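Derivation of every value follows stated rules applied to the coordinates shown; laboratory data play no part. This one's a predicted model, so the numbers in the text were calculated from it and none came from an experiment. Cβ atoms come from the backbone with ideal geometry, glycine included; neighbour counts cover every protein chain shown.
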Amino acid sequence: MTQEQCPHRNNVQSTEKPQVYKVGIYGWRKRCLYFFVLLLMILIVVNLALTIWILKVMNFTIDGMGHLRITERGLKLEGDSEFLQPLYAKEIQSRPGSPLFLQSSKNVSVNILNEKKQVVSQLTAGSHGVHARGKMLEVKSSAGKLLFSADDHEVVVGAERLRVMGAEGAVFSNSVETPHVRAEPFKELRLESPTRSLYMEAPKGVKIEAEAGDFQATCRSDLRLESKDGEISLDARKIKLLRLPEGKASPSGTRQTVFEGQSSEAQANSSSSEAEPGPSETSPPQSNSAMAMVFADIFKTEKRRTKPLSDIIHEEVTSYKATGCISVDEDPLAWWKNNEHKYPHIAKLAQCNLAVQCTSVPSEHVFSKMFFIQHFDSQHFCF
């Protein structure tokens, strides 16, 4: 239909008023929207305030949080820290100049694991003590010197001195190898084995020395001094042999035993030597020796000399031993007469006692006073 055919339609539309539609939120909806916006702003402000407060309280910085700092070498923690779970770290060290404390209510354990997650070394410090487990334990000084070492085979003490402060000393169930054993100054040293034997062995010798005291060796059974290749020397100002058996002469026969000496005579000589104030140059020596007994008569008859007579006789005996023994074919009386100028004092003694049977009284007197034990045939042996 064309516009000319409907003129009345255009006239009707032109005469009507245009309708207006309002766009927006009005009324209670508008008030609710403003309330939600205000509440959101309040929450944002509170959240921002709480964030700032947490950052301030926890001490958050660019390097880390609180006492924990993140450095190039790892984590740096200052102050006291508490770990509720296991701590795995390659290295734990304190600040320079500050100590490192490890504290626990039960125990502190340090475990070393191998590739198979098995414990190979362990150090546990608890209420019952400190326990260590491993293949070897070493303690060294600051200079790197070994002070103590222990393993399955041996325990080594590398210190210059091992000091035992216990009242009962040290107890060893097996052998001990050491070059030197000594007590504290002015204290006694006791080596004792209550129920077993005590052996002291050394390839080059054993030296026992008491510089300011006595040395005592006590045993319940026999005390034996034995030297296989050398000699046993008793060197002292006085030598006392107590409880010696008295010498008794056996009946005369083809064989005879001479004892070492008479205990009563030895004790009398020792008591008389202690009573005298001091030996003179012409008197016999105060020690109860074999030489003093044999040459007693010569000491009494000799006149005063510039040199002690005991030293002169000792030199003669030493020289006589160095020359060797008299051969069997030689005549002893002639030999002593020819060598009287070399051994004047020994020659006097020899001439008085030579060519006398061993069963005679002078011969027995000489043998008993020289402390020799001889077994001889009286028919073929003469002195």
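Quick notes
- Straightening the chain between L48 and L68 buys 4.8 nm, computed as 0.36 nm per residue apart minus the Cα-Cα spacing.
- A straight chain from M200 to V110 at 0.36 nm per residue would run longer than the Cα-Cα distance by 28.0 nm.
- Ascending count of other beta-carbon atoms within 10 Å, so fewest first, for W53, W335: W53, W335
- E154-L189 FRET efficiency (beta carbon distance; Förster radius 30 Å; 0.05 resolution): 0.75
- Charge context of L77, other residues only, Cβ under 14 angstrom, K/R +1, D/E -1: -1
- Label-point separation, E340 to I239 (7 Å along Cα→Cβ), nm: 3.3
- A Förster radius of 41 Å combined with the Cβ-Cβ distance from A212 to A125 puts the calculated FRET efficiency at roughly 0.35.
- Around T124: net Lys/Arg minus Asp/Glu count, Cβ-Cβ under 15 Å: +2
- Legend: ranking of residues L100, L244 from fewest to most surrounding C-beta atoms inside 10 Å; resulting order L100, L244.
- Estimated FRET transfer efficiency when R0 is 30 angstrom, pair F172-R133 (beta carbons, to 0.05): 0.80
- The rule of thumb for compact globular proteins, 2.2 N^0.38 Å, goes into the C-alpha radius of gyration of segment 24-71 2.00 times.
- Order of Y34, Y88, Y343 - criterion: other Cβ atoms within 10 Å of each residue's Cβ, fewest first: Y88, Y34, Y343
- Virtual paramagnetic centre 7 Å along Cα→Cβ of L87, amide N under 17 Å, in segment 109-140: 109-112, 123-126
- Note on L147 and E226: the extension gain reaches 24.6 nm, defined as 0.36 nm multiplied by sequence separation minus the Cα-Cα distance.
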